[in-house]
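The structure appears below as structure tokens.
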Amino acid sequence: MKKMTVLFSAAAIIGVSAVAAEALIQKAKNAGLKPIPESKTELYKLIDNPKNPITDAKVELGKKLYFDPRLSKSGLISCNTCHNLATGGVDGVDAATGHKWTANPHHLNSPTVYNAVFFEKQFWDGRSPDLEDQAQGPIQAAPEMAATPEHVEKVVNSIPEYVKAFKKAYNDPNFKPKFKDVADVIAVFERTLVTPSRYDKYLAGCDKALSKEEKEGLKIFIDKGCVSCHTGIALGGSMQPFPAVGKYKYANIGDFKGDKNGMVKTPTLRNILETRPYFHNGAVWSIEEAIKIMGETQLGVKITDKEAKKIKAFFGALTGEKPYVRYPMLPASTDKTPKPDLN
């Protein structure tokens, strides 16, 4: 009888544990948290743009142009310069730095390109609706790549391999790429840069995917109200007021105030431990400090050191598996390719 009682107790404990596990997963889903779909078919429904469909040919061409510094005025800066795929999709400095070693005039930090496809808006002020529109901006921005559409078109059309690749990608033997087409294929490549993690497996029902401390951090993250902004698949990407209820202690660094309504794009928390420094002006290098600041400025709550440590542990589960990107060998320039201009 005693043995049966012990077995019954053990079964009861296992049952309670299973219920608790399911309860936290459901709580996360009820709070608006969503996993990256495991199914490629379901994923492509989310990341594809019907106006600019993803194809293997576009992805490969877009990858080459993403890494090609000749699109810039100086011939030194590529998309990967500020959105380095080897370092979390960011440049690791507080203010984005581009042409002539110029720091962003508003002291804006480079957001990660990983999972940007899930954002509602692009840029810190949300001025672009999608990656296709966004890709046109940095190429033309004076403190970034400092090029003109004409320069980009001359570069691409002067290189036979690029011309051939565009004709193949658009299935048109007479296709002559324009500036928008260059941005479009770069955007297609960027749409594939998604990073599923253990967190996604957890939300899909695998309780063992997260450690005990990570689960505790997730619960605190939800209970404190962090999910009011960091939600959805991207755990961010929407426009929110910043600061909301308290003062941002580093507001004097740079002059960025958000869009005309004071709204700022919420950064994704995916791979957050790889994308220091934090905030739009790159003022904070410690994730624990960033967590506590968010509690004060956005939620009006105090987050203790112990709670911040557990939330940080949860953030570790958001570090995802990066798609394998082999650095491309770029086609050679020709006599017609514009020469670099460092001025």
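Structure data summary
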| quantity | calculated |
| --- | --- |
| Computed over the chain: relative contact order in percent, which uses C-alpha pairs under 8 Å that are six or more apart | 24 percent |
| Computed Kirkwood radius, in angstrom, where 1/r is averaged over Cα pairs of region 23-112 | 16.2 Å |
| Solution diffusion estimate, µm²/s, Stokes-Einstein, region 47-191, Kirkwood Rh from C-alpha pairs, 25 °C, viscosity 0.890 mPa s | 160 µm²/s |
| Highest-first arrangement of 99-106, 129-136, where packing means the average Cβ count within 10 Å | 129-136, 99-106 |
| Principal axis box of region 271-328, alpha-carbon based, largest edge first, Å | 47, 25, 16 |
| Signed unit charges on C-beta, dipole axis of the chain, positive-most listed residue 139, 314, 293 | 314 |
| Relative packing of peptides 320-328, 68-76 - highest average C-beta neighbours within 10 Å first | 68-76, 320-328 |
| Two-site label geometry, residue 23 and residue 289: point separation in nm, points 7 Å out along Cα→Cβ | 3.8 nm |
| Between 0 and 90°, nearest 10: helix 131-140 axis offset from the chain longest Cα axis | 50 degrees |
| Solution diffusion estimate, µm²/s, Stokes-Einstein, region 235-343, Kirkwood Rh from C-alpha pairs, 4 °C, viscosity 1.567 mPa s | 77 µm²/s |
| In degrees, nearest ten, helix 160-169 long axis to first principal axis of the chain (Cα) | 50 degrees |
| Sorted peptide list for 110-116, 46-52, 148-154, 270-276, criterion being average Cβ within 10 angstrom, highest first | 110-116, 270-276, 148-154, 46-52 |
| Positive dipole terminus of region 170-261, leading residue within 179, 230, 210 (C-beta point charges) | 230 |
| Dipole moment magnitude, nearest 20 debye, region 47-191 about Cα centre, only Lys, Arg, Asp, Glu C-beta charged | 460 debye |
| Net charge of Cβ neighbours under 9 Å - reference residue 157; Lys, Arg +1; Asp, Glu -1 | +2 |
| Where Rh is the Kirkwood radius over Cα pairs, Rg/Rh for region 185-249 | 1.07 |
| Projected-area mean, region 173-316, by convex hull of Cα positions, square nanometres | 11.7 nm² |
| Residue-averaged 222 nm ellipticity for the chain, from DSSP H runs of 4+ at -39500 (n - 2.57), nearest 500 | -12000 deg cm²/dmol |
| FRET efficiency, 1/(1 + (r/R0)^6) with R0 35 Å, evaluated for residue 128 and residue 167 via beta carbons | 0.80 |
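Throughout, read-outs are computed from the coordinates displayed, never taken from laboratory work. Just so we're clear, the structure is a prediction, and the values are computed from it rather than from any experiment. For neighbour counting, all protein chains shown are included, and Cβ atoms are generated from backbone atoms with ideal geometry for every residue, glycine included.
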